[in-house]
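Here the structure comes first, spelled out in C-alpha cells, and everything after it is commentary.
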Amino acid sequence: MKIRNNDKVMIISGKDKTKVGKVLKILKSKNKVLVEGLNKVKKHVKPNPYKNEQGGIKDNESPIDISNVKVVCDACTLPTKIGYRYTEDGKKMRYCKKCDENF
Ligand SMILES: [Zn+2]
C-alpha cells in the first residue's frame, strides 16, 4: 500500500474527477481510501433521540477504490507515481517519480 493517511490524492475517475483531498482513512482489506470532502454520498438519517441526532439528509464521504486515486506530490503538486528507495542509512523512503523528491 503506497498511500498513507494524510496524503493528498487526486481522484481520476467518476463525478469528483480531478478533485484533490486528504486521505482520512485507508481500508486495506477493501483496497479503498476515504478522502476528506470527496465522493460524498447523501444518506437519509432517521432521528435518534438517544444520540441526540436530528433526522434528515447527511452527506458523508464514501470510500473510493484505490485504483481511482493518484497520490499528489507535495513538492511538485502533481499527481504522480510513487517509488521506493533506501537512504544511505537504510531507511525506506517514498519518492515522487516526476520530480524525484522524497516525501
Ligand atoms: Zn513531485
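The values are calculated or read from the model by the stated rules, or taken from the named source; none is laboratory data. Source: prediction; values computed, not measured. Glycine also receives a Cβ, built like all others from the backbone with ideal geometry; neighbour counts cover every protein chain displayed. With ligands, DNA and RNA removed, areas are computed over all heavy atoms of the protein, side chains included. Shrake-Rupley method; radii C 1.70, N 1.55, O 1.52, S 1.80 Å.
Looking across region 54-103, the residues that are within 16 Å of the ligand (Cβ to nearest atom) and among the aromatic types (Phe, Trp, Tyr) come down to Tyr84, Tyr95, Phe103.
When region 44-99 is filtered for residues that are among the hydrophobic types (A, V, I, L, M, F, W, C) and either open to solvent by 80 Å² or more (accessible area, probe 1.4 Å) or more than 15 Å from Arg4 (Cα to Cα) (or both), the ones remaining, listed by number, are Val45, Ile57, Ala75, Cys76, Leu78, Cys99. Among the residues examined, Lys17 qualifies as more than 18 Å from Asn5 (Cα to Cα) and either modelled with pLDDT of 95 or more or in a loop (DSSP other than H, G, I, E, B) (or both). Taking region 38-55 as the range and being under 30 Å from Ile12 (Cβ atoms) and of a type in the set (Val, Ile, Thr) as the test, only Val41 passes.
The criterion of at least 1 residues that are under 22 Å from the mean Cα position of the chain (by Cα) and of a type in the set (Phe, Trp, Tyr) is met by the following strands (runs of 3 or more DSSP E) wholly inside region 38-100: 82-86, 92-96.
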